[in-house]
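Here's the structure, in structure tokens; my notes come after.
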Amino acid sequence: MKHFISADCITNMTYALNEAKEIKKNRFAYSTLGRNRTLLMVFFNSSLRTRLSTQKAAMNLGMNVMILDINNGAWKLETEKGVIMDSDKAEHILEAIPVMSSYCDIIAVRSFAGLTDRSKDYNEEILDMFIRYSGKPVLNMESATLHPLQSFADLITIEEYRKKRHPKIVLTWAPHPRPLPQAVANSFAQWTGRYDAELVITHPEGYELDGKYTANATIEYDREKAFEGADFVYAKNWSAYGGTDNPENYGKILSEDRTWTVDSRIMSLTDNAYFMHCLPVRRNMIVTDEVIDSPRSIVIQEAANREISAQTVLKMMLEEL
Ligand code: AN0
Ligand code: CP
């Protein structure tokens, strides 16, 4: 595996999950694999988990790690091609990428969707520039449309907690005061679509995700029916994708319906399901205190597995260097 951009970069999901299991048993087994190799992590957006877990994973493999927050101490970057640079942006990404990549062996990038121009976001213009102009393997730390390190950690967690061979997993939209990208939801659907499970996605009308990612899922608008008998409930907010009929809705909040907050009543319809969320989570918007504080909530274990997903991926990337 050269780049790690999406689930498509993993040819054998069972192998990847087994690798993760082995790494979790002894995370220092490959502590010299990354010797004299440098990971540069570039952030265009905030992070707690991705930053710490990916750094820890790289350290477990013996790598050196450098981190750059573009919005904190670096020059403001121009990302549009062909513009006259007379604004406050002092440097063009066309120089910044090859310069940054000259100092490292693997370059990791976080760059969220702008949520204004769907084709720009869904063409992954920023991530694509890193792939094209860095000359180095690129690790996706949440791009405009996907968050593969999160989804891989989610699957590792489901694999650890599932009691049935073919569990029912429900991805449920939940309310949030700010418009959020579809990346986590797209990616979760893409990864679980390749896992031995039944995936049901429930959301208010208008929140349909890009069909490219939901091909192996059942869309159920009846929320109660969706939750019935679930083994895992994965909550997430996303803004509208817009679809073919309403592209103008892209990035918009279409519903603030608080009855979609995951609470004990809706959880009681499940088969004693585990509650999951990628975090950060807004309590009593996405999920009630009662549910997230209950013993069925595995959000902390899920976040801890981010170290394992990142280490499994970095190991595969280092082996290809
Ligand atoms: C981001 C999102 O929804 O994509 C990151 C989640 C890991 N969440 C927020 O911005 C709150
Ligand atoms: N889940 C996740 O990616 O969290 P951060 O945004 O804090 O990195």
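Annotations for the structure displayed:
- Listed by chain and number, the aspartates and glutamates whose alpha-carbon sits under 15 Å from that of LYS25, ignoring those within fewer than 8 places in the same chain, are GLU159, GLU160, GLU307.
- Distance violations [Cα-Cα > 22 Å] among LYS24/LYS315; LYS168/LYS315; LYS56/LYS315; LYS89/LYS136: LYS168/LYS315; LYS89/LYS136
- Between ALA304 and LYS212, the simple spin-label model (points 7 angstrom out along Cα→Cβ) gives 3.6 nm.
- FRET efficiency, 1/(1 + (r/R0)^6) with R0 22 Å, evaluated for GLU256 and ASP289 via beta carbons: 0.65
- Computed from the alpha carbon atoms alone, the convex hull of the range 72-166 holds 155 Å³ per residue.
- Each Lys or Arg adds one and each Asp or Glu subtracts one; over the other residues with Cβ under 12 Å from the Cβ of GLY251, this totals +1.
- GNM top mover of GLU80, GLU125, GLU208 - the chain, alpha-carbon springs below 10 Å: GLU80
- The range 251-257 - phi-based ³J(HN,Hα) in whole Hz, Karplus 6.51/-1.76/1.60, Gly and Pro as x: x, 8, 8, 9, 8, 10, 4
- Cubic angstrom per residue, convex hull over Cα atoms of the range 145-212: 99
- Each semi-axis of the equivalent ellipsoid for the chain is √(5λ) with λ an eigenvalue of the Cα gyration tensor; in descending order they amount to 32, 25, 16 Å.
- Cα-centred dipole magnitude for the chain, charges only on beta-carbon of K, R (+1) and D, E (-1), debye, nearest 20: 1080
- By DSSP, the beta bridges lying fully in the chain are antiparallel in about 0 percent of cases.
- Fraction of alpha-carbon pairs over 16 Å apart in the range 215-309 - percent: 62
- Label sites at SER87 and ASP117, each approximated as a point 7 angstrom past Cα along Cα to Cβ, lie 1.0 nm apart.
Coordinate-derived values only; no laboratory data. If you're wondering where the values come from, they're calculated on a predicted model, not measured in any experiment. In this analysis, Cβ positions are derived from the backbone assuming ideal geometry, glycine residues included, and neighbour counts consider all displayed protein chains.
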